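J.: Got a structure for you, written out below as structure tokens; questions coming shortly.
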Amino acid sequence: MVSQVWVQKIEVSGIVTDESGLPLPGASVQVKNTKKGVTTGFDGKYKLQTNVGVILVFSYVGYATQEVVVSQKTMNIQMKQDGTLDEVVVTAYGGKTNSAKVASAVSTVRVEEALRGSAAGVRVNTGSGQPNLSNRIIIRGQSSIQGVTNMGYHNPQYQTSNESYKEINENTFKRATLTPLSTFSIDVDKAAYSNIRRMINIGATIPAEAVKIEEMINYFEYDYKQPKGRHPLAIHTEVGTTPWNKDTKLLKVALKGKEIPLHKIPPSNFTFLIDVSGSMSSQNKLPLLKSAFKLMVDKMRKEDKVAIVVYAGAAGMVLEPTSGDNKEKIIAALDKLNAGGSTAGGAGIELAYKIAAENFIKKGNNRVILATDGDFNVGQTSRDSMKKLIEAKRETGVYLSVLGFGMGNYKDDRLELLADKGNGNHAYIDTMQEAHKIFGKEFGGTLYTIAKDVKLQLEFNPNTVQAYRLIGYENRLLNDEDFKDDTKDAGELGAGHTVTALYEIIPVGIKTEYLKDVDDLKYTNNNVAKKSYSSELLTVKIRYKKPNKKRSIQLKTVVKNKVAKRASDDFNFTAAVALFGMQLRDSEYHNNSKVEDVVALAELGRGEDKNGYRAEFIRLVKSTPMPTK
């Protein structure tokens with residue numbers, strides 16, 4: 001009889017939450033030593049068929065993994081951030097709670113009551129009408145549970161009509177004989193990827209303007225070697241055949257910023273600038289924002305200090321500059337924040353920069369961190385007025401990081417502008433998992449700049465390159481003369497940051513529909529190039545400034561006209577992300593490729609994927625309906 005009990009098949013369901021009781025969307029629930037599992041939905045719920053007696057492994061980025069023996073139908077799990085796991089708390093439907101001490105991170109949990117009703121998820125299909133099966137939930141990640149996904153806990157009926165994005169005019173092919181130079185500013189922003197992920201997870205239509213391919217590519221971590229010598233960045237290049245067009249070549253140009261341990265980062269002077277207007281009341285705005293900032297506070301040192309400025313109808317300071325070792329005081333100030341009122345963003349920015357300047361640390365890390373949905377409606381609200389305000393404030397030497405939250409009225413274009421003009425970066429936080437990525441794993445790169453005004457200029461060789469096209473970076477293009485002009489603003493590179501750009505290249509001699517005929521030039525011969533450089537594809541030049549300097553430094557490298565015998569994992573994966581972005585935008589350049597092509601390419605480039613972000617990408621691609629013409 002006992003053996004029959006332990007092979008009994010049951011449907012296990014429950015909710016996975018964090019220590020504050022908030023649901024954890026995208027937590028991994030896996031049957032130990034198998035690939036069978038699911039991820040939690042936008043409300044933290046999960047459901048899977050398994051056997052009594054098996055061990056379920058609950059994991060989530062930034063939280064201690066828990067292993068729980070299945071003995072009943074309902075298991076609600078509360079995850080603990082980092083550190084040693086002492087106790088698993090399992091709450092039965094109806095309020096009954098059993099706690100079991102954990103030995104070797106395994107807890108046998110017995111719960112008397114089963115959870116009734118169906119778990120929520122991303123796709124809901126009508127069931128057969130049987131009890132508890134009225135809705136069949138299809139949750140992403142059932143086929144391959146390695147890694148975790150972010151399933152934003154939002155209303156699936158949501159639309160993006162009140163959000164705003166800057167228009168993107170996709171880059172076209174340029175003839176190397178007519179336009180040999182391609183110049184642009186780096187972009188370390190990653191907001192587009194997590195924002196698109198949020199839309200996919202809730203089934204919303206993705207505006208083409210929200211698809212910034214460079215931000216999607218730069219969201220991921222790549223295996224680029226660190227710089228050696230005196231420069232804080234290194235250049236890496238790779239050439240291969242374009243996966244979606246056998247007649248063209250794909251060039252990957254990448255920068256790797258020097259990694260700096262947290263204890264070696266200079267003392268930091270942070271000013272949190274937090275939007276507490278009425279539009280921030282949603283669970284995925286101010287409540288999520290406060291939890292995210294607590295992760296940052298946890299990493300602060302005694303020599304660091306933070307002040308908190310808030311704004312609604314007006315702006316005010318709610319925490320004077322406070323040492324990082326007084327974490328309880330800082331967290332208490334965050335806990336007291338509530339949303340209500342209009343949105344005087346300009347006044348908040350003025351006050352935040354004023355406090356940051358008053359507490360400026362010479363040779364330190366001085367930064368305002370703005371957290372908002374970007375919906376300013378009082379005072380200076382136009383893009384032009386905000387641009388002028390931020391450009392003036394950056395002269396103080398204070399940098400700006402911008403964190404976007406929420407949906408429905410999210411103003412991506414405004415937040416991108418603020419970060420760009422404020423010598424900073426822009427990220428979008430849709431879940432606590434994303435907060436852990438930004439404030440945990442990437443803390444240094446997010447908040448400490450090692451090179452500013454970083455520009456790239458590529459000179460293509462007309463002997464070998466007929467035409468080229470930069471994929472993405474449409475909002476970062478520069479005039480060729482801007483490259484050597486040290487008064488022209490460009491992007492900042494943080495500690496450990498990577499920046500990757502892809503070019504599709506049409507070799508000389510290839511007939512293509514992407515190029516139209518042009519008349520011969522009367523005064524310039526556009527068919528003659530210097531034959532002595534026929535083995536070269538192009539030259540890459542980079543200019544950057546040290547954070548406290550005004551004169552730029554130049555680096556350069558030559559790329560040979562040679563295709564790698566075997567493309568690296570990073571090459572394949574970046575190509576997959578770019579192709580997915582082109583498909584989302586319904587680009588004329590994706591060459592009638594299919595979603596399956598993206599999946600196959602991403603699988604080929606998945607590599608070690610120790611944090612599961614590439615596996616998450618693959619699941620997102622599989623669940624995304626492509627636009628139709």
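J.: I need every pair where a residue in segment 290-309 that is under 20 Å from residue 373 (Cα atoms) has its Cβ under 9 Å from the Cβ of a residue that is acidic (Asp, Glu) and crowded, with 22+ Cβ neighbours inside 10 Å, sequence separation at least 6 or different chains.
T.: Here the result reads 292/434, each pair linking segment 290-309 to a residue that is acidic (Asp, Glu) and crowded, with 22+ Cβ neighbours inside 10 Å.
J.: Oh, and also: Does residue 587 satisfy the condition of being more than 30 Å from residue 398 (Cβ to Cβ), modelled with pLDDT of 95 or more, out of contact with any Lys or Arg (no Cβ under 9 Å at 6 or more places or on another chain) and of a type in the set (Ser, Thr, Tyr)?
T.: Yes; evaluated as a whole, the condition is true for this residue.
J.: Give segment 562-581 a look and list any residue that's surrounded by fewer than 23 Cβ atoms within 10 Å (Cβ to Cβ) and either in contact (Cβ under 8 Å) with a residue 60 or more places away in the chain or part of a helix (DSSP H, G or I) (or both), or say none.
T.: 562, 563, 564, 567, 568, 569, 570, 572
Condition check ((1) buried (at least 17 other Cβ atoms within 10 Å of the Cβ); (2) of a type outside the set (Ser, Thr, Tyr); (3) farther than 18 Å from residue 188 by Cβ) across all residues:
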position: 495; (1), (2), (3): yes, yes, no
position: 517; (1), (2), (3): no, yes, yes
position: 522; (1), (2), (3): no, yes, yes
position: 541; (1), (2), (3): yes, yes, yes
position: 551; (1), (2), (3): no, yes, yes
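J.: Could you please give the count of residues in segment 249-271 that are among the β-branched types (Val, Ile, Thr), buried (at least 21 other Cβ atoms within 10 Å of the Cβ) and over 23 Å from residue 220 (Cβ atoms)?
T.: Matching residues across segment 249-271 total 1.
J.: Under 7 Å between Cβ atoms, which residue pairs at least 6 apart in sequence (or on different chains) link something in segment 192-213 that is on the phi > 0 side of the Ramachandran plot with a partner that is at pLDDT below 95?
T.: Correct list of pairs: 203/122; 203/156.
J.: One residue is enough: does segment 169-177 have a residue meeting the conditions touching a helix residue (DSSP H, G or I) at 6+ places or on another chain (Cβ under 8 Å), open to solvent by less than 10 Å² (accessible area, probe 1.4 Å), in contact (Cβ under 8 Å) with a residue 40 or more places away in the chain and not aliphatic (A, V, I, L, M)?
T.: No.
J.: Scan segment 401-408 and tell me whether some residue there is touching a residue at least 24 places away in the same chain (Cβ under 8 Å), surrounded by fewer than 24 Cβ atoms within 10 Å (Cβ to Cβ) and over 20 Å from residue 215 (Cβ atoms).
T.: yes
J.: Would you point out which residue out of 290, 294 is in a helix (DSSP H, G or I), open to solvent by 50 Å² or more (accessible area, probe 1.4 Å) and out of contact with any Gly (no Cβ under 6 Å at 6 or more places or on another chain)?
T.: On the way: 290 fails: open to solvent by 50 Å² or more (accessible area, probe 1.4 Å).
It is 294.
J.: Let me ask something additional. I'm checking my understanding of the structure. Among residues of segment 406-446 that are of a type in the set (Gly, Ala, Ser) and in contact with a Lys or Arg (Cβ under 6 Å, 6 or more places away or on another chain), which one is modelled with the highest pLDDT? Steps first, answer last, please.
T.: If we filter segment 406-446 for residues that are of a type in the set (Gly, Ala, Ser), which is where we start, we get 406, 408, 419, 422, 424, 427, 435, 440, 444-445.
Next cut, in contact with a Lys or Arg (Cβ under 6 Å, 6 or more places away or on another chain) only: 406, 422, 427.
Details: 406: 89, 422: 89, 427: 94.
Filtering segment 406-446 for residues that are of a type in the set (Gly, Ala, Ser) and in contact with a Lys or Arg (Cβ under 6 Å, 6 or more places away or on another chain), the one modelled with the highest pLDDT comes out as 427.
J.: Where in segment 405-523 are there strands (runs of 3 or more DSSP E), lying fully within it, with 2 or more residues that are within 25 Å of residue 304 (Cβ to Cβ)?
T.: 425-428, 449-460, 491-494
J.: Then there is this: Considering only residues that are open to solvent by 20 Å² or more (accessible area, probe 1.4 Å) and either over 20 Å from residue 434 (Cβ atoms) or of a type outside the set (Phe, Trp, Tyr) (or both), which ones fall in segment 602-613?
T.: Matches in segment 602-613: 603, 604, 606, 607, 608, 609, 610, 611.
J.: For residue 365, work out the one condition from (1) modelled with pLDDT under 85; (2) within 18 Å of residue 545 (Cβ to Cβ); (3) among the polar types (S, T, N, Q) it doesn't fulfil.
T.: Every condition holds for residue 365 apart from (1).
J.: Looking at 237, 205, 271, which one is under 30 Å from residue 320 (Cα atoms) and either among the hydroxyl-bearing types (Ser, Thr, Tyr) or in a helix (DSSP H, G or I) (or both)?
T.: 271
J.: Separate question: Can residue 448 be described as open to solvent by 10 Å² or more (accessible area, probe 1.4 Å) and in contact (Cβ under 8 Å) with a residue 60 or more places away in the chain?
T.: Judged against the criteria, residue 448 is a match.
The values are calculated or read from the model by the stated rules, or taken from the named source; none is laboratory data. None of the values given here were measured: they were computed from a predicted structure. Using ideal geometry, Cβ is built from the backbone for each residue, glycine included, and neighbour counts are taken over all protein chains shown. Side chains included, ligands, DNA and RNA excluded: accessible areas come from the protein's heavy atoms. Shrake-Rupley method; radii C 1.70, N 1.55, O 1.52, S 1.80 Å.
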